1. Would you be able to tell me the number of residues in the stretch B:44-69 that are within 14 Å of chain A (Cβ to nearest Cβ) and part of a strand (DSSP E or B)?
2. Given the criteria within 30 Å of B:S327 (Cα to Cα), acidic (D, E) and within 10 Å of another protein chain (Cβ to nearest Cβ), does B:D231 qualify?
3. Could you list, in sequence order, the residues of the stretch B:122-135 that are among the hydroxyl-bearing types (S, T, Y) and open to solvent by 30 Å² or more (accessible area, probe 1.4 Å)?
4. Tally the residues that are open to solvent by 50 Å² or more (accessible area, probe 1.4 Å) and under 26 Å from the mean Cα position of the chain (by Cα), restricting the search to the stretch B:197-239.
5. Report every pair of residues separated by at least 6 positions or lying on different chains whose Cβ atoms are under 6 Å apart, first residue within the stretch B:313-328 and of a type outside the set (G, A, S), second modelled with pLDDT of 90 or more and open to solvent by 40 Å² or more (accessible area, probe 1.4 Å).
6. Looking at B:F167, B:F190, can you tell me which residue is modelled with pLDDT of 90 or more and within 10 Å of chain A (Cβ to nearest Cβ)?
7. So which residues in the stretch B:196-209 are facing another protein chain (nearest Cβ under 8 Å) and either in contact (Cβ under 8 Å) with a residue 12 or more places away in the chain or assigned to a strand (DSSP E or B) (or both)?
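The values are calculated or read from the model by the stated rules, or taken from the named source; none is laboratory data. No experiment lies behind these values; they were computed from the predicted model shown. Note that each Cβ is placed from the backbone with ideal geometry, even for glycine, and that neighbours are counted across all protein chains shown. Accessible surface areas use protein heavy atoms only, side chains included; no ligands, DNA or RNA. Shrake-Rupley method; radii C 1.70, N 1.55, O 1.52, S 1.80 Å.
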Amino acid sequence: MRSLFFIWAAVILCSGCVRVAPHERGYLSDATMQPVVDPLEARASSQLHRAREATSGGIWSPAGGGCGCTN
Amino acid sequence: MFCGDAHSGAEEPAPEEAQEPVREPWKIQEARVRFNYFHQKGFGYQSQAGPGPKGSERLDVYEPMFYLRVRQNPKVEHTVTIPIDVITSASTDAIDATTSASRYNEAGTIQINTRVDTTDDDTVNVVYGGHGEEWYASVFGGVGYTRDLAQDNATITVRVDGSFDWFNPYGHRPGGVVPEGNEWDFRGSFGGNAEVSQILNPTTWVKAGYGITWQKGELFTPWNSVPFLCDPTVSVCIGRIREKFPGTRLKQTVSGMLVHYLPRTSSTVRLSYRFFADDYDVRAHTLLGEFYQYMTARAYINAHYRAHHQSAVYFWTNNLGVPLDLSAPRTADSDLAQFWAHEFGVKVLFHLTPPGRAHQHDMDVYYNRYTRTNDLTVDVVSIGYGYTF
């Protein structure tokens, strides 16, 4: 696990010198390239997993205090 | 004071024009609606809905969702998300089996995100909202800061969040040795996150994040129960007792994502990984792979596969033995057991707008199947519609 984290950190740090100019970002602006492609789909998916797995919270999830367990 | 003197005199603008602020009306930029249907079937030790130690976890959820993105002015944008859940067999227990009082439940959440671009490179994001359902309510809020670096080739985000829940655990009355009452219980969750994202080249970006969440209060689920003194040979238990959790919980996660576009085939590949660890001895790995393929310029198909493995909390049991220690933590919740979960899904999206129109609308349909190795399956069907102004 620790090694995976260091690999990610290395990728991020080593790529810091790469600069993609704004006019080169056509593909990056595609809808399927966005961090969240569909906000409602992402929420429904998160809700499905949050109520059925022991791993809520941690990242971008303020609650996770157990649940009202709606679904 | 020095500056004030330096800019006096000829540079003073005409009083009427200088004091006239330009006010733009609020503008709706995007509206989305979605309807989800969840059908869950399976069995878990925490459920009393059955003759044996494992009760039914059958559940149906009808969930309309609404999303609105509104621009207040060039620097401020709000998004409002409202999911509403209508649940059948929400909390089947002995009382419900007789009265059906809680066989149906409704839940609603409103979440507002306000994004403020304080400079060209700095963004503050505030989130707040609330959730309500039978016997349970919650409010939450948080604030985040994002800094764009190197001409937006990289971003750094830090964020803190909190939530406060209160509920009446005795609205649900699993039979057992715990005395009943009419008291409200509380719990709070507080979290911090940090995330870095980086564009690697014109078709690839990555991000990595770390998060921590600390919880305090009553962390159990009110209607869950734990079988005790079971005879496995005949699947009979002497009784059930309410689950009990430690008073605090500390969770940590590390995650990463890689997103890559393939121009030659008009495809997008997304890979995500998340590691979770907490002080209940849960260790979990989650891997998600997504593939998008444009069929035409106005339609794509998406498929995904998700694998999740978790270890059980250290106090999980499906059969409490003697001596019965009422002060010790215990749960039989199948969600907190050790299992593998596999999910796959298929989605089709169509852009319905004729070429050349400024406004765009799209429609999609998807199907997901979520299966756990400890006897739980969920089928999800969803249809969504979006309009971009």
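1. Number satisfying all stated conditions: 12.
2. Numbers: within 30 Å of B:S327 (Cα to Cα): yes; acidic (D, E): yes; within 10 Å of another protein chain (Cβ to nearest Cβ): no.
Taking the combined requirement at face value, the residue does not satisfy it.
3. To start, the set of residues in the stretch B:122-135 that are among the hydroxyl-bearing types (S, T, Y) comprises B:123, B:128.
Matches in the stretch B:122-135: B:Y128 only.
4. Final tally of qualifying residues: 5.
5. B:Y314/B:D281; B:F315/B:P329
6. The conditions single out B:F190.
7. Those that are facing another protein chain (nearest Cβ under 8 Å) and either in contact (Cβ under 8 Å) with a residue 12 or more places away in the chain or assigned to a strand (DSSP E or B) (or both): B:V196, B:S197, B:Q198, B:I199, B:L200, B:N201, B:T203, B:W205, B:V206, B:K207, B:A208, B:G209.
Matching residues to (1) open to solvent by less than 30 Å² (accessible area, probe 1.4 Å); (2) more than 22 Å from B:K207 (Cα to Cα); (3) at the interface with chain A (Cβ under 9 Å from one of its Cβ atoms); (4) charged (D, E, K, R):
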residue	(1), (2), (3), (4)
B:L250	no, yes, no, no
B:L258	no, no, yes, no
B:F275	no, no, yes, no
B:D279	no, yes, no, yes
B:A299	yes, yes, no, no
B:R306	yes, no, yes, yes
B:N319	no, yes, no, no
